[in-house]
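In what follows, a structure is listed as structure tokens, so that the remarks can point back to it.
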Amino acid sequence: MSTTRVTTIAQPSPPAIIGSSPALQGVLAAASQLATSFVRVLITGETGVGKDLLARSIHCQSTRAHRRFVALNCAGLSETLLESELFGHVKGSFTGAYRDRVGCLEQAHHGTLFLDEIGEMSLRMQALLLRTLETGEIRPVGSDTAPIHVDVRVISATNRNLYEMIEQGKFREDLYYRINVAHLEVPPLRERAEDIKEIVNHLIAADGSALVLDDSVMRLFEKYRWPGNIRELQNVIGSLAGSVRGRPVMPEDLPRPILGHASRGPSFRERRRTVADELYEGLTSGRLRFWEDVYPAFNRRDLTRADLRLLIKRGLATSAGSYRRLLPVFRIDPQDYKRLLNFLAAHECVVDHRTFRAAGRPIDPAAFSSSVHPKAAAR
Ligand SMILES: Nc1ncnc2c1ncn2[C@@H]1O[C@H](COP(=O)(O)OP(=O)(O)OP(=O)(O)O)[C@@H](O)[C@H]1O
Ligand SMILES: [Mg+2]
């Protein structure tokens, strides 16, 4: 499997990211805003949600669009190989280095470097990357010449919880703040079930197949949890296109996990979900509304402050730190913006937006009477 994919985009057109749910649209709007700046972006989200796609989209909308987009997957590489992939090497610097090699950082000069699965980097590699991000300089492995200066915009992605890794001493906090100048969280497909139909239609059209799904199939799709997200949906549609011909797809044609979903009890994953997860999903799917459901539950003490903070934190991760953009995601009317801030401030549930912030759109800190560090909020 190739780890580096170098793409030079001559006529940049952002990749199609399908879905009109408020949850996805919030992320796309934040991404477009970030694209025009130089800030480093950290993209998080479960496997298959479209992190890679979003990184490419940011690059294509940026002023660097005519330069290279270089993608490097940091997982599954030995430290020596990863170091050489990133920084390059000179011939003979280690066994197997038969010729000089230009590293990804240098290949992406004036362009964008996408560091996928950054949570898999060893602590030593993290230290080397941090130094480059601080100085803008690289030195290929085995080189004794002066360091080379590079101008690279770094976008990183991970499906790991970097906060937890920092607390476990597995990820450097200083690097975290360097790569996470802005944070985008791509919501899982189950939290935007209204996108499924659109994505399915897009996949069928792109594939050129004449697949037709019975309505009952679409309903099962909308109930299923899609642990592999859009990639899993792609695989299911691809396999149905190969196996069902000349008639509509019926529930019996579906893989067992999707078919069995309606009749089975909650999965282990579901049992482990937090109250904040439940609320977030309810709000983003339109089943719940903030003032009608969350607010009374909090007043009844059915919800703790920690639940509420976690909910806000999840929302801010989706809206790149903007409380304003949180409003449509949480089904709150725009005129209730102040009311929301006052309510959160009164209960010490204002989450520091800076960890999730979108460049150039800081919220007015004076709007709050108190502020809670996201780390504390997560507890
Ligand atoms: N909203 C979307 N519309 C259309 N296609 C999508 C969308 N989101 C993801 N895809 C497609 O789904 C597949 C998985 O997306 P992608 O590789 O970007 O996910 P990822 O989050 O990077 O996954 P991983 O964590 O496994 O690396 C890709 O083929 C991508 O083109
Ligand atoms: Mg990816």
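Only residues that are part of a strand (DSSP E or B), more than 16 Å from ligand 1 (Cβ to nearest atom) and surrounded by fewer than 23 Cβ atoms within 10 Å (Cβ to Cβ) were counted across the stretch 44-90, and they come to 1.
SER62 satisfies every condition listed in (1) among the polar types (S, T, N, Q); (2) in contact (Cβ under 8 Å) with a residue 60 or more places away in the chain; (3) within 28 Å of ARG190 (Cα to Cα) except (3). In the set (1) away from ligand 1 (no atom under 16 Å from the Cβ); (2) in contact with a Lys or Arg (Cβ under 6 Å, 6 or more places away or on another chain), THR112 fails one condition alone, (1). Is there a residue in the stretch 155-177 that is touching a Phe, Trp or Tyr at 6+ places or on another chain (Cβ under 6 Å) and over 25 Å from ASP277 (Cα atoms)? Yes, there is a match, as at least one residue in the stretch 155-177 is touching a Phe, Trp or Tyr at 6+ places or on another chain (Cβ under 6 Å) and over 25 Å from ASP277 (Cα atoms).
Within the stretch 208-228, the set of residues being within 17 Å of ARG247 (Cα to Cα), open to solvent by 20 Å² or more (accessible area, probe 1.4 Å) and assigned to a helix (DSSP H, G or I) comprises ASP215, SER216, MET218. Note on the stretch 163-205: residues that are closer than 17 Å to TRP226 by Cα and assigned to a loop (DSSP other than H, G, I, E, B) total 3.
Selection over the stretch 272-296 of residues that are in contact (Cβ under 8 Å) with a residue 12 or more places away in the chain, assigned to a helix (DSSP H, G or I) and small (Gly, Ala, Ser) gives a count of 2. When you look at LYS170, is it in contact with a helix residue (DSSP H, G or I) (Cβ under 8 Å, 6 or more places away or on another chain), closer than 30 Å to GLY246 by Cβ and open to solvent by 50 Å² or more (accessible area, probe 1.4 Å), yes or no? Against the criterion (in contact with a helix residue (DSSP H, G or I) (Cβ under 8 Å, 6 or more places away or on another chain), closer than 30 Å to GLY246 by Cβ and open to solvent by 50 Å² or more (accessible area, probe 1.4 Å)), LYS170 does not qualify.
The condition (being touching a residue at least 12 places away in the same chain (Cβ under 8 Å), surrounded by 14 or more Cβ atoms within 10 Å (Cβ to Cβ), closer than 23 Å to PHE87 by Cβ and over 17 Å from the mean Cα position of the chain (by Cα)) is satisfied by just one residue among ILE148, ILE155, ILE179: ILE148.
Residues of the stretch 117-135 that are of a type in the set (Ser, Thr, Tyr) and open to solvent by 60 Å² or more (accessible area, probe 1.4 Å): THR135 alone.
LEU308 meets each of the listed conditions (1) outside any loop (DSSP other than H, G, I, E, B); (2) at pLDDT below 90 apart from (2).
For the condition at pLDDT 95 or above, over 30 Å from GLY238 (Cβ atoms) and either part of a strand (DSSP E or B) or not β-branched (Val, Ile, Thr) (or both), what is the one hit in LEU115, LEU129?
Of the residues listed, the single one that is at pLDDT 95 or above, over 30 Å from GLY238 (Cβ atoms) and either part of a strand (DSSP E or B) or not β-branched (Val, Ile, Thr) (or both) is LEU129.
ASP195 satisfies every condition listed in (1) within 16 Å of ligand 1 (Cβ to nearest atom); (2) surrounded by 15 or more Cβ atoms within 10 Å (Cβ to Cβ); (3) over 20 Å from GLY45 (Cβ atoms) except (3).
Tallying residues that are outside any loop (DSSP other than H, G, I, E, B) and over 21 Å from HIS110 (Cβ atoms) within the stretch 134-148 yields 1.
Of everything listed in (1) surrounded by fewer than 19 Cβ atoms within 10 Å (Cβ to Cβ); (2) touching a helix residue (DSSP H, G or I) at 6+ places or on another chain (Cβ under 8 Å); (3) closer than 17 Å to LEU42 by Cα, the single unmet condition for ASN161 is (2). Condition check for LEU34 on (1) more than 17 Å from ARG101 (Cβ to Cβ); (2) in contact with a helix residue (DSSP H, G or I) (Cβ under 6 Å, 6 or more places away or on another chain); (3) away from ligand 1 (no atom under 12 Å from the Cβ); (4) among the hydrophobic types (A, V, I, L, M, F, W, C): one failure, at (2).
The values are calculated or read from the model by the stated rules, or taken from the named source; none is laboratory data. Just so you know, these numbers come straight off a predicted model, no measurement behind them. Backbone-built Cβ (ideal geometry, glycine too); neighbour counts: all protein chains shown. These area figures cover heavy atoms from the full protein model, side chains too; ligands, DNA and RNA do not enter into them. Shrake-Rupley method; radii C 1.70, N 1.55, O 1.52, S 1.80 Å.
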